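The values are calculated or read from the model by the stated rules, or taken from the named source; none is laboratory data. Source: prediction; values computed, not measured. Counting neighbours? That spans all protein chains shown, and the Cβs are built from the backbone with ideal geometry, glycine included.
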Amino acid sequence: MGLGSFGFTLLFIILPLAITIWALIDAIRSDFKKDINKLVWIIVIICFPFAGGILYYFLAPSQKAGF
């Protein structure tokens, strides 16, 4: 396993997985203004793993209760 394949693994497997796991954990632990928003975000993150995590990062903070 050379350095190039490690970069490929990091970029296309580990990074998207980490973003998805972070988004899922954050969505579960956060309080939202509306309870249905939490469920919707969890479903989006699970159904669209990498894209759902990116969308959550940019769009969810404005929907959280403390924001």
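Please find, within segment 10-60, the residue that is farthest from the chain's Cα centre (by Cα) out of those that are of a type in the set (Val, Ile, Thr) and surrounded by 18 or more Cβ atoms within 10 Å (Cβ to Cβ).
Residue satisfying both the conditions and the ranking: 44.
I'd like to verify a number: residues in segment 41-53 that are out of contact with any Phe, Trp or Tyr (no Cβ under 9 Å at 6 or more places or on another chain), in a helix (DSSP H, G or I) and modelled with pLDDT of 95 or more, how many?
Residues that pass the stated criteria total 5.
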